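Please read the structure below before turning to the comments.
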Amino acid sequence: MTRYLAALIFVCAGVPAGPALAQPAPPSSSENACLQPINFYSFQPVPGNNRSLVVIDRARKRYRLTFIGPCYNLDYHLALRFKTFGSNLSCVSRGDSVYVRDVATPGQCVIKSVTYQTPALDKADADAAAAAKQR
């Protein structure tokens, strides 16, 4: 028994660490972002911008939804609903809609694009919010 255990330790010690142990690279905005409505976790509006929304899924990946037109008062809503042309397992894509419940403004925001929210976009959003406060 100890002979087999020693052989197992010897074999496992020589196995190099594979990609399963490596840290995943942050996604680039050029990759195809696939946000599935069933995996929706939370959202945060982009400050000072009524045309974008950051959505977070259950895997904590962050997506940036850009709308065709302005989508007002997103920061005051507690819930969103997605209207896609597929099932809950299909990806949110161009032409799909985000619905908010609001009696004062139209509740449909049509999606223009879906990309990953990168650190460069975070910095640009923070700079834009700071510039808007200075005005």
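Structure above, values below:
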item: Given (1) at pLDDT 80 or above; (2) surrounded by 11 or more Cβ atoms within 10 Å (Cβ to Cβ), number of the condition Gly86 does not satisfy; result: (1)
item: Region 90-114, residues that are acidic (Asp, Glu) and at pLDDT 85 or above; result: Asp96
item: Considering residues of region 30-70 that are β-branched (Val, Ile, Thr) and in a loop (DSSP other than H, G, I, E, B) only, the residue surrounded by the most Cβ atoms within 10 Å (Cβ to Cβ); result: Val46
item: Set Val110, Val98: member being assigned to a strand (DSSP E or B) and loosely packed, with under 15 Cβ neighbours inside 10 Å; result: Val110
item: Residue list for region 44-95, restricted to those being of a type in the set (Lys, Arg) and more than 17 Å from Asp122 (Cβ to Cβ); result: Arg58, Arg81, Lys83, Arg94
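The values are calculated or read from the model by the stated rules, or taken from the named source; none is laboratory data. As the structure is a prediction and not an experimental result, all values here were calculated from the model. Note that we place each Cβ from the backbone using ideal geometry, even for glycine, and neighbour counts take in every protein chain shown.
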